[in-house]
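J.: Right, I'll just put the structure down here and ask away after.
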Amino acid sequence: MSGRAQLMWDEAVTGYDFGRDHPMDPVRLHLTRRLVDAFGLDREVDVVAAKAAGESTLRLVHREDYIEAVRAASADPASADGSYGIGTLDDPAFAGMHEVSALIAGQSVGAAEAVWRGEALHAVNFAGGLHHAMPGGASGFCIYNDAALAIARLLELGAERVAYIDVDVHHGDGVQAVFWENPRVLTISLHEHPRTLFPQTGWPEETGAETAQGSAVNVALPAGTGDAGWLRAFHAVVPELIADFRPQVLVTQHGADTHFEDPLAHFAVSLDAQRAVQVACHDLAHEYADGRWVALGGGGYAVVEVVPRSWTHLVAIAAGREIAPETVIPESWRQEVFARTRQLAPARMTDGRWPVPWASWEAGYDPADRLDQAVLATRRAVFPLRGLLT
Ligand SMILES: [Zn+2]
């Protein structure tokens with residue numbers, strides 16, 4: 001097995017572009033890739049362009065009529081009328097939409113194949129993590145659900161247990177829905193409470209179908225959750241479940257929209273806490289999945305200030321060459337950011353909150369605290385189903 005991680009990348013993924021004024025600006029992918037290079041990480045990983053997901057792969061998750069609708073909208077964007085969620089404000093149709101969405105899905109599927117076959121221990125596709133797409137419809141800026149496709153491909157290759165951890169500020173509803181009835185896949189999503197944020201699902205009581213009770217886990221955290229609460233909640237729920245489930249592969253989604261600068265949600269998480277969770281996911285993969293780790297991007301709409309730094313940390317962690325938080329960002333990248341966006345780029349790989357303090361659940365909890373209530377609701381709903389103590 002190669003000791004090097006794979007970074008999945010085809011320049012054409014930056015064509016995933018819903019147009020001007022849409023929050024998911026592909027400049028975030030471009031600037032992330034450039035920052036990875038500015039730190040020389042492209043020489044520390046194998047940069048691999050996988051082929052686009054073909055029809056039979058897409059069909060592992062998506063309905064034939066939906067794929068047909070995406071193809072039609074892709075060929076003639078003006079014809080999209082909102083059916084199948086395409087041609088809406090969130091998911092406008094654009095020329096080539098099918099091709100680029102299938103290409104992004106192909107990178108996640110390729111990452112899963114490389115990790116399963118031992119060609120790489122870790123593989124990262126930060127253009128992926130499009131977790132809202134449903135089997136039969138587009139949703140929340142997501143056309144094809146590359147995360148679900150990667151997991152489905154792992155099952156097809158023979159994996160018996162795959163764990164999925166989703167720390168995007170939004171509920172990982174599409175991935176949960178795809179594997180709702182499947183006990184071979186454990187989905188865990190930490191997100192802002194459905195009462196205050198799209199997609200209004202991800203309640204603690206959503207725990208999986210009758211055939212798969214306890215295979216869906218939802219931690220619905222209050223708006224305003226910051227570093228200490230977010231890390232406390234992650235560690236109060238995730239490691240115990242992963243230790244119990246013993247996945248053969250860990251798939252993680254690292255939407256950067258938990259950040260306090262993010263314009264679309266209401267968490268107050270810093271880059272430093274995001275990095276701490278990335279490190280924790282990497283550690284979990286080594287501890288319980290023989291190191292097999294597929295790491296994906298996701299949401300993130302502070303496209304200059306947050307996303308490139310967050311996912312460059314992710315690539316560095318996968319490459320085994322962590323970037324220390326206080327590290328100064330290369331001037332060449334900052335100049336490129338200004339030239340492209342007329343925005344001032346951040347100067348360091350930290351928000352100045354490192355090391356992030358947080359209190360462990362084992363030391364006790366406060367039933368009157370809203371964060372602790374959220375954690376308790378999840379533990380009470382799910383832990384007994386898995387034979388774990390609440
Ligand atoms: Zn999101």
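Computed from the coordinates by the stated procedures, all read-outs in this text should not be read as laboratory data. A quick note: this is a predicted structure, and the numbers were derived from the prediction, not measured. Cβ placement follows ideal geometry from the backbone for every residue including glycine, while neighbour counts extend to all protein chains displayed.
J.: Could you tell me which residue of the range 140-152 is nearest to the ligand (Cβ to nearest atom), considering only residues that are in a helix (DSSP H, G or I) and not small (G, A, S)?
T.: Ranking the candidates gives D146 first.
J.: So, in the range 153-183, how many residues would count as being out of contact with any Pro (no Cβ under 8 Å at 6 or more places or on another chain), part of a loop (DSSP other than H, G, I, E, B) and not acidic (D, E)?
T.: Of the residues in the range 153-183, 10 are out of contact with any Pro (no Cβ under 8 Å at 6 or more places or on another chain), part of a loop (DSSP other than H, G, I, E, B) and not acidic (D, E).
J.: Just the residues that are out of contact with any helix residue (DSSP H, G or I) (no Cβ under 9 Å at 6 or more places or on another chain), of a type outside the set (S, T, Y) and within 16 Å of the ligand (Cβ to nearest atom), please, taken from the range 177-199.
T.: H191, E192, P194, L197, F198
J.: Here is a further query. Those residues that are more than 23 Å from A243 (Cβ to Cβ) and surrounded by fewer than 24 Cβ atoms within 10 Å (Cβ to Cβ), I need them from the range 181-205; list them, please.
T.: E181, H193, P194, R195, T196, L197, F198, P199, Q200, T201, W203, E205
J.: Could you please give the count of residues in the range 237-264 that are within 16 Å of the ligand (Cβ to nearest atom) and surrounded by 22 or more Cβ atoms within 10 Å (Cβ to Cβ)?
T.: 9
J.: Can you tell me how many residues within the range 296-331 are within 16 Å of the ligand (Cβ to nearest atom), among the aliphatic types (A, V, I, L, M) and not in a loop (DSSP other than H, G, I, E, B)?
T.: 3
J.: Specify the residue that is farthest from the ligand (Cβ to nearest atom); the eligible residues are those in the range 153-176 that are touching a residue at least 60 places away in the same chain (Cβ under 8 Å) and among the small types (G, A, S).
T.: A159
J.: Right, another one. For T378, only one of the following conditions fails: (1) in a helix (DSSP H, G or I); (2) out of contact with any Leu (no Cβ under 7 Å at 6 or more places or on another chain); (3) under 30 Å from W116 (Cα atoms). What is its number?
T.: (3)
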